[in-house]
Number of protein chains: 2
Amino acid sequence: MVNILVVEDDRNLQKLMKAVLRQQGYNVLSANDGGEALEIIDKSHVDLVISDIMMPNMNGFDLTEALRKSNYNLPILMITAKETLEDKRKGFLVGTDDYMVKPIDMDEMGFRVAALLRRSRIANEARLSIGEIELNYDTLTVKSKEESVLLPKKEFYLLFKLLSYPKQIFTRQQIMDEIWGMDVDTDERTVDVHIKRLREKFSHFEEFEIITVRGLGYKVEIKI
Amino acid sequence: MVNILVVEDDRNLQKLMKAVLRQQGYNVLSANDGGEALEIIDKSHVDLVISDIMMPNMNGFDLTEALRKSNYNLPILMITAKETLEDKRKGFLVGTDDYMVKPIDMDEMGFRVAALLRRSRIANEARLSIGEIELNYDTLTVKSKEESVLLPKKEFYLLFKLLSYPKQIFTRQQIMDEIWGMDVDTDERTVDVHIKRLREKFSHFEEFEIITVRGLGYKVEIKI
DNA sequence: ATAAATGTTCATATTGAGTTCACATGAAAA
DNA sequence: TTTTCATGTGAACTCAATATGAACATTTAT
């Protein structure tokens with residue numbers, strides 16, 4: 001069950017948002033200002049916060065700041081009154097993830113909420129994404145739009161390392177040290193073979209290319 | 001984090017209960033009567049309610065009734081004063097899950113709370129459906145369109161776990177810890193045998209496949 | 001108590017990731 | 001151009017991880 005906390009002092013708007021979100025299958029909590037919100041977040045499990053900026057007592061900025069300083073890593077959707085560019089900028093500065101301008105379109109709200117949740121879930125299972133490519137460290141999987149490739153451990157770690165620092169050149173020694181471990185004593189050419197296998201597995205990928213830097217080592221180049 | 005709401009007008013008893021429950025690692029909220037309780041439940045995420053029956057304003061019966069009518073499906077542990085058989089019967093009628101008689105033994109309370117939580121958790125995730133396949137946790141049964149397979153416990157739990165998080169790789173250790181329990185000391189290879197048996201039982205299923213990830217563990221891949 | 005079902009262990013076969021090797025290729029140095 | 005040397009590549013090899021059949025142990029049902 002996804003819990004969304006609505007922080008809004010305008011009771012009517014709050015009611016409307018709650019109704020719409022519940023309608024869409026979310027579990028909704030509510031607070032009338034930032035202080036109340038913090039209390040609820042402390043006590044309950046909250047997955048996403050939708051907060052107005054202008055509120056009595058603790059406002060939306062203070063709330064976001066407080067949340068960022070604690071280690072709750074909640075996605076926050078801000079609501080700014082009218083087109084106050086100042087507000088927007090400030091909101092982003094303190095760590096908002098997205099924002100909407102009043103008057104709020106309820107469809108848009110649903111859309112943004114879904115997007116934020118999707119993002120935060122992806123972020124939680126965490127890994128690396130390069131354009132359309134996504135590497136998942138836990139499943140040793142490389143996903144592109146069409147396919148999902150499961151790699152052997154060593155190959156995956158190697159690709160992960162290279163892609164984590166595109167353009168950076170890694171010597172075979174560096175690679176061996178990090179992926180094989182300092183102590184082991186395997187031939188450096190083994191790296192070549194892994195590179196070769198990665199190359200053939202991803203030869204049809206347009207997004208990146210493993211490049212040999214003669215005399216030094218390998219690097220990855222992001223294309224497109 | 002498990003949130004327990006204690007609804008009790010006797011401040012001393014309330015304090016004691018809160019202290020004991022917190023001691024046991026729960027997050028505790030409290031209310032002094034049914035009305036307050038409903039408010040809190042509305043705002044916060046509550047996992048279990050412990051409620052006295054006799055209270056000013058809205059009493060325990062009214063509270064349970066209100067909760068059942070709304071679609072909160074919370075486990076409720078009732079507290080009755082003395083051995084009032086009338087109370088017991090009435091409490092159960094309106095949907096209580098368990099009850100205790102005053103004076104309350106704090107150990108007993110802990111035990112009942114744990115039991116209720118366990119039950120409600122199982123009840124909440126008792127069913128899993130993947131496409132046309134449906135797993136029923138209570139009957140240890142896997143149903144597809146044509147057939148219904150009854151599995152031995154261990155096999156079922158293993159499959160259930162894997163199917164609950166498709167694509168996620170589980171190490172043998174993780175599997176043993178969760179299904180066999182942290183303490184037991186059975187050979188990790190036993191997992192292999194269960195996997196093998198699952199594989200032969202479901203080899204003709206088109207919907208999923210158990211995949212070994214060499215050096216890491218197993219995962220399930222949803223096909224079609 | 002006995003049989004049947006489930007769970008575990010074990011011995012052996014099979015597999016495949018990781019490694020090595022031998023030779024091919026191609027860039028840079030001479 | 002020729003030579004040299006780093007890298008590419010296909011294939012063989014190795015060995016630990018996994019698969020598997022069957023025996024053995026334990027629990028559950030009859």
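Largest first, how would A:Glu188, A:Glu36 line up by accessible area (1.4 Å probe)?
A:Glu188, A:Glu36
Rounded to the nearest 100 Å², what is the sum over both chains of accessible area buried where B meets A, with a probe of 1.4 Å?
The contact between A and B buries close to 1200 Å².
Placing a label point 7 Å from Cα toward Cβ, how far apart in nm is B:Gln24 from its equivalents in the other copies, listed shortest first to one decimal?
3.8
Report the gain in length on full extension from B:Glu221 to B:Thr139: 0.36 nm times residue separation, minus Cα-Cα distance, nm rounded to one decimal.
27.1 nm
Could you give the nm distance between label points at A:Glu200 and B:His204, where each point is 7 Å from its Cα heading toward the beta carbon?
Result: 3.8 nm between the two label points.
Kindly give the distances from A:Phe205 to its copy-mates, label point to label point, with each label point 7 Å from Cα along Cα→Cβ, as nm values to one decimal ordered shortest first.
So the label point of A:Phe205 gives 3.1 nm to the other copies.
Ignoring ligands and nucleic acids, what accessible area does B:Ile40 show with a 1.4 Å probe (Å², nearest 10)?
Approximately 40 Å² of B:Ile40 is accessible to the 1.4 Å probe.
Sticking with the crude label model, points 7 Å out along Cα→Cβ, report the distance from B:Gln23 to B:Leu150 in nm, one decimal please.
The two pseudo-label positions are separated by 4.5 nm.
Of B:Arg199, B:Arg112, which has the most accessible area and how do the rest follow, probe 1.4 Å?
B:Arg199, B:Arg112
Report B:Glu206's accessible area, 1.4 Å probe, all protein chains in place, as a number in Å² to the nearest 10.
120
With a 1.4 Å probe and every protein chain left in place, tell me how much accessible area B:Lys43 has, in Å² to the nearest 10.
80
Quick one: which residues, 5+ away or cross-chain, put their amide H under 5 Å from the amide H of B:Ser51? H built at 1.01 Å from N.
B:Val7, B:Leu77, B:Met78, B:Ile79
Suppose all protein chains stay in the model; what accessible area per residue would a 1.4 Å probe give for region B:20-69, in Å²?
Ligands and nucleic acids excluded, the figure is 41 Å² per residue.
Which residues, if any, in region A:18-67 have at least 50 Å² less accessible area in the whole protein complex than in the isolated chain, probe 1.4 Å?
Residues losing area: A:Lys43.
How far is A:Asn12 from itself in the other copies, in nm, if each label sits 7 Å out from Cα along the Cα-Cβ line, shortest first?
5.1
The values are calculated or read from the model by the stated rules, or taken from the named source; none is laboratory data. What you see is a predicted model, and the numbers here were worked out from it, not measured in a lab. We place every Cβ from the backbone using ideal geometry, glycine too, and count neighbours over all the protein chains shown. Accessible surface areas use protein heavy atoms only, side chains included; no ligands, DNA or RNA. Shrake-Rupley method; radii C 1.70, N 1.55, O 1.52, S 1.80 Å.
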